[in-house]
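Everything on this sheet refers to the single structure shown next.
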Amino acid sequence: MQLPRVAWALTGAAICCFLILLIHSRLLKEGQLAAGTCEIVTLDRDSSQPRRTIARQTARCACKKGQIAGTTRARPACVDAGIVRKKQWCEMVPCLEDEGCDLLVNKSGWTCTQPGGRVKTTTVGLVSLSSASPRGLRNPLANQ
């Protein structure tokens, strides 16, 4: 007697899960990002200068309210908007674990210093993609 009830309950739960997944896939159409995530849109590298590589990277982020596109652990990420407003770039933890972070004198970016002395410099350019789109942090000139 209990077995048919359990079977019906499991069948109902499976149908509910299927419907939830179907609705979720319809809401997240192709090309949309989930809230709080980022993706790299463009990445260009120029190694024409000796001992120097210039990389220009543009990220697209779908940040939650109070957040803006930034960089965490050398990857695009949503960070607290106050960090960007105050230009306290090192607060977003932009460098890798073994690197030290320092603000540039004019607060236009930061440097990540590796243990061997190699320095990566990043300057920031804010780009508004459109009035309906989230802002993107153009992660910009990384000189290695």
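The values are calculated or read from the model by the stated rules, or taken from the named source; none is laboratory data. Note that the coordinates shown come from a computational prediction; the quantities given were computed from them, not determined experimentally. With ligands, DNA and RNA removed, areas are computed over all heavy atoms of the protein, side chains included. Shrake-Rupley method; radii C 1.70, N 1.55, O 1.52, S 1.80 Å.
Using the 2.2 N^0.38 Å rule of thumb for compact globular proteins, work out how segment 37-123 stacks up: its C-alpha Rg over that value, please. Could you put the intermediate results ahead of the total?
Numbers: Rg = 13.4 Å, N = 87, 2.2 N^0.38 = 12.0 Å.
Here the answer is 1.12, to two decimals.
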| Accessible surface of segment 37-123 [probe 1.4 Å, protein heavy atoms]: carbon and sulfur percent | 48
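Per residue, how much accessible surface does segment 37-123 expose to a 1.4 Å probe? Answer in Å², no decimals.
Details: 5250 Å² over 87 residues.
Per-residue accessible area for segment 37-123 comes out at 60 Å².
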| How big is the accessible area of D102 in square angstrom, nearest 10, if you roll a 1.4 angstrom probe over the protein chains? | 80
